[in-house]
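Chemist: Questions regarding the structure given below will be posed in turn.
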Amino acid sequence: MSAQRHKLAIIGSGNWGSAIAKIAGKNMRRYPDLFEEQVKMYVHEETVEGQPLTKLINERHENVKYLPGVKLPENIVAVPSAVEAAKGADLLIFVLPHQFIPSVCQELKGHISSDARAISMIKGVEVKNGNIRIFADVIEEILGCKCSALSGANIANEVAQDKFSETTIGYREGDLAQAEVFHKVFDTPTFRVGMIEDVAGVSLCGALKNVVAIAAGFTDGLGWGDNAKAAVMRIGLMEMKHFAEEFFDGVKPETFTETSAGIADLITTCFGGRNRKCAEAFVKTGKSFETLEKELLNGQKLQGSETAREIHNFLKARGKVDDYPLFKAVHAIAFEGGIAKELTSKL
Ligand SMILES: NC(=O)C1=CN([C@@H]2O[C@H](COP(=O)(O)OP(=O)(O)OC[C@H]3O[C@@H](n4cnc5c(N)ncnc54)[C@H](O)[C@@H]3O)[C@@H](O)[C@H]2O)C=CC1
Ligand SMILES: O=C(CO)COP(=O)(O)O
């Protein structure tokens, strides 16, 4: 029996990576016939309190830098190498800020099990040479393993405290059985996992809502109130859906309007996320997003400002910038010296 059990690895250990390690670690013990107990978690090594972060995590069972105050199950073992974490694993969770995925996947290339399956929890897109890809596709292409996506209204600190949340797995056509295995990795009474056959839709919701959250943060910085934020969110949702349908095949409209990955994540991020917080500070202080990320996030990474830039570059290459006035305004304010008060003037 034990030879057939799944072995999980977590590639990433930031704020969300650590929260998900808590859930997955517990579920490994909840289903001992299905999963091996020990889970290796890749940690980008750094020195914290004068010691390697991996050592601190393994001694204290807590990611003291990225998820302080939350105990991780003892079957989560931090390792400083992605290759070591993935060794022998047939289930791979990718949960790194999007900018680090290509380099970490290149490191892993040739070192993963031939039967490995992956799931991307990354909220971002790759834009290169005028083309755009979701990270499930990047991972599939570099590593040659099938990859689904998980995204939802999931502020990591709340999930880590077992406050009720839903999330969504987007799976590929014909891959329901594998999605059901990942469902068992993640689902708990307080973290409820829905599933939809739409990897692109789920991934794009996660990436694009971060751009809308920047706009929502601008409205907060301007003191414009809840109606203005709701308007920006409504227009943002329309642009997200339009973008996904224009540039990706097979995206389902209900992913945007009915799943946790869609409307629910847009709401939570525009009210409680890091992108919103930094965008509010951007308007109030005039500091750059790069500076605010350093000053306000203690090593955590902003995804929305970079995604706004990447989406802008992609739309520019396609001659389509004007078709997405909210995305255009966010880019203009964030990177071109545009005036925040003009956020809605062209919507
Ligand atoms: N934090 C949250 O509430 C949620 C985050 N997400 C998404 O999950 C993904 C991962 O986010 P978080 O876990 O929050 O990360 P985070 O924002 O806490 O990022 C910091 C992580 O990046 C690592 N890192 C720094 N430099 C690196 C390098 N050169 N190579 C590899 N790793 C490096 C750090 O060690 C740390 O683990 C992102 O795409 C994010 O949008 C999704 C849902 C919720
Ligand atoms: O994706 C998130 C919540 O679902 C977190 O958003 P932020 O990266 O803006 O904190």
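Chemist: For segment 98-109, indicate whether the set of residues that are within 15 Å of ligand 1 (Cβ to nearest atom), part of a loop (DSSP other than H, G, I, E, B), touching a residue at least 12 places away in the same chain (Cβ under 8 Å) and in contact with a strand residue (DSSP E or B) (Cβ under 7 Å, 6 or more places away or on another chain) is non-empty. Steps first, please.
Modeler: Just the residues of segment 98-109 that are within 15 Å of ligand 1 (Cβ to nearest atom), to begin with: 98-108.
Subsequent filtering for residues that are part of a loop (DSSP other than H, G, I, E, B) retains none.
No, because not a single residue in segment 98-109 is within 15 Å of ligand 1 (Cβ to nearest atom), part of a loop (DSSP other than H, G, I, E, B), touching a residue at least 12 places away in the same chain (Cβ under 8 Å) and in contact with a strand residue (DSSP E or B) (Cβ under 7 Å, 6 or more places away or on another chain).
Chemist: Now, a different point. Scan segment 299-317 and report the pairs whose first residue is free of Cβ contacts under 8 Å to residues at least 12 places away in the same chain and whose second residue is in a loop (DSSP other than H, G, I, E, B) and among the small types (Gly, Ala, Ser), with Cβ atoms within less than 9 Å and a gap of 6+ or a chain change.
Modeler: LYS316/GLY130
Chemist: Please pick out the residue among ILE122, ILE139, ILE132, ILE112 that is in the same structural domain as ALA21 (by TED's automatic domain parsing), crowded, with 16+ Cβ neighbours inside 10 Å, in a loop (DSSP other than H, G, I, E, B) and away from ligand 1 (no atom under 12 Å from the Cβ).
Modeler: Answer to the check: ILE112.
Chemist: Before we move on, is PHE247 over 20 Å from ALA329 (Cα atoms) and modelled with pLDDT of 95 or more?
Modeler: Working: over 20 Å from ALA329 (Cα atoms): yes; modelled with pLDDT of 95 or more: yes.
Considered against the rule, which asks whether it is over 20 Å from ALA329 (Cα atoms) and modelled with pLDDT of 95 or more, PHE247 comes out as yes.
Chemist: Report yes if some residue within segment 30-39 is within 21 Å of the chain's Cα centre (by Cα) and either within 22 Å of LEU143 (Cβ to Cβ) or assigned by TED's automatic domain parsing to the domain that holds ASP115 (or both); otherwise report no.
Modeler: Yes.
Chemist: For segment 23-35, state whether one or more residues are closer than 23 Å to THR188 by Cβ and within 16 Å of ligand 2 (Cβ to nearest atom). Quick ask: steps written out before the conclusion?
Modeler: So in segment 23-35, the residues closer than 23 Å to THR188 by Cβ come out as 23-35.
Filter once more, keeping what is within 16 Å of ligand 2 (Cβ to nearest atom): 23.
Among the residues of segment 23-35, at least one is closer than 23 Å to THR188 by Cβ and within 16 Å of ligand 2 (Cβ to nearest atom), which makes the answer yes.
Chemist: Please verify whether ILE339 is more than 16 Å from ligand 1 (Cβ to nearest atom) and either surrounded by fewer than 20 Cβ atoms within 10 Å (Cβ to Cβ) or in the same structural domain as ILE132 (by TED's automatic domain parsing) (or both), treating the condition exactly as stated.
Modeler: yes
Chemist: With respect to VAL77, is the statement that it is assigned by TED's automatic domain parsing to the domain that holds ALA153, closer than 25 Å to LEU208 by Cα and more than 16 Å from ligand 2 (Cβ to nearest atom) true?
Modeler: On the way: assigned by TED's automatic domain parsing to the domain that holds ALA153: yes; closer than 25 Å to LEU208 by Cα: no; more than 16 Å from ligand 2 (Cβ to nearest atom): yes.
Criteria not met by VAL77.
Chemist: Let me ask you something else. Can you tell which of ASN227, ASN210 is closer than 16 Å to LYS277 by Cα and either within 16 Å of ligand 2 (Cβ to nearest atom) or in a helix (DSSP H, G or I) (or both)?
Modeler: Selected residue: ASN210, the only one of ASN227, ASN210 that is closer than 16 Å to LYS277 by Cα and either within 16 Å of ligand 2 (Cβ to nearest atom) or in a helix (DSSP H, G or I) (or both).
Chemist: Something else now. hydroxyl-bearing (Ser, Thr, Tyr), within 12 Å of ligand 2 (Cβ to nearest atom), surrounded by fewer than 24 Cβ atoms within 10 Å (Cβ to Cβ) and outside the structural domain of GLU46 (by TED's automatic domain parsing), is that true of THR268?
Modeler: Spelling it out, THR268 is indeed hydroxyl-bearing (Ser, Thr, Tyr), within 12 Å of ligand 2 (Cβ to nearest atom), surrounded by fewer than 24 Cβ atoms within 10 Å (Cβ to Cβ) and outside the structural domain of GLU46 (by TED's automatic domain parsing).
Chemist: Also, I was wondering about something else. In segment 21-42, how many residues are among the hydrophobic types (A, V, I, L, M, F, W, C) and part of a strand (DSSP E or B)?
Modeler: Residues that pass the stated criteria total 3.
Condition check ((1) crowded, with 17+ Cβ neighbours inside 10 Å; (2) closer than 20 Å to MET121 by Cβ; (3) within 16 Å of ligand 1 (Cβ to nearest atom)) across all residues:
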{"position": "GLU239", "(1), (2), (3)": "yes, no, no"}
{"position": "GLU254", "(1), (2), (3)": "no, no, no"}
{"position": "CYS278", "(1), (2), (3)": "yes, no, yes"}
{"position": "PHE282", "(1), (2), (3)": "yes, no, no"}
{"position": "GLY299", "(1), (2), (3)": "no, yes, yes"}
{"position": "ARG318", "(1), (2), (3)": "no, no, no"}
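Chemist: Then there is this: Consider segment 45-94. How many of its residues are of a type in the set (D, E, K, R), free of Cβ contacts under 8 Å to residues at least 12 places away in the same chain and in a loop (DSSP other than H, G, I, E, B)?
Modeler: Result for segment 45-94: 1.
The values are calculated or read from the model by the stated rules, or taken from the named source; none is laboratory data. Given the structure is predicted, the values throughout are model-derived calculations rather than measurements. Please note: Cβ atoms are built from the backbone with ideal geometry, for glycine as well, and neighbour counts cover all protein chains shown.
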